[in-house]
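Undergrad: Attaching a single structure in structure tokens format; questions to follow.
The values are calculated or read from the model by the stated rules, or taken from the named source; none is laboratory data. Here the structure is a predicted model, which means the values were calculated and not measured. We place every Cβ from the backbone using ideal geometry, glycine too, and count neighbours over all the protein chains shown.
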């Protein structure tokens, strides 16, 4: 799932997520071509564990975030 960073950037963020997803797919396909299936699944498990550990250090937003609208006004969005 791609998070909503800013409403006006939704398409850009979704496009980048898709592009990096393709890079990841090619990377894993390349690894798969060099190793046996047993080792490949261990590589996938290792990558999942690394991602899990990395995500544990991220902070979720709290309070409010500001978004500048097209007309120049600032809208405060409550984040809970």
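Undergrad: Hey, does the stretch 18-35 have a residue that's outside any helix (DSSP H, G or I) and in contact (Cβ under 8 Å) with a residue 40 or more places away in the chain?
TA: no
Undergrad: Here is a follow-up. Could you please give the count of residues in the stretch 24-47 that are loosely packed, with under 10 Cβ neighbours inside 10 Å and under 24 Å from residue 5 (Cβ atoms)?
TA: 0
Undergrad: A further question follows. Pairs needed: first member in the stretch 53-72, part of a loop (DSSP other than H, G, I, E, B); second member anywhere, at pLDDT below 85 and surrounded by 10 or more Cβ atoms within 10 Å (Cβ to Cβ); C-beta distance under 6 Å; at least 6 residues apart or different chains.
TA: Here the result reads 61/79; 69/75, each pair linking the stretch 53-72 to a residue that is at pLDDT below 85 and surrounded by 10 or more Cβ atoms within 10 Å (Cβ to Cβ).
Undergrad: Hey, any hits in the stretch 7-17 for a residue that's assigned to a helix (DSSP H, G or I), touching a strand residue (DSSP E or B) at 6+ places or on another chain (Cβ under 7 Å), in contact (Cβ under 8 Å) with a residue 12 or more places away in the chain and surrounded by 10 or more Cβ atoms within 10 Å (Cβ to Cβ)?
TA: The answer is yes, given that some residue of the stretch 7-17 is assigned to a helix (DSSP H, G or I), touching a strand residue (DSSP E or B) at 6+ places or on another chain (Cβ under 7 Å), in contact (Cβ under 8 Å) with a residue 12 or more places away in the chain and surrounded by 10 or more Cβ atoms within 10 Å (Cβ to Cβ).
Undergrad: Since residue 55 meets every condition but one in (1) within 13 Å of the chain's Cα centre (by Cα); (2) surrounded by 10 or more Cβ atoms within 10 Å (Cβ to Cβ), which condition does it not meet?
TA: (2)
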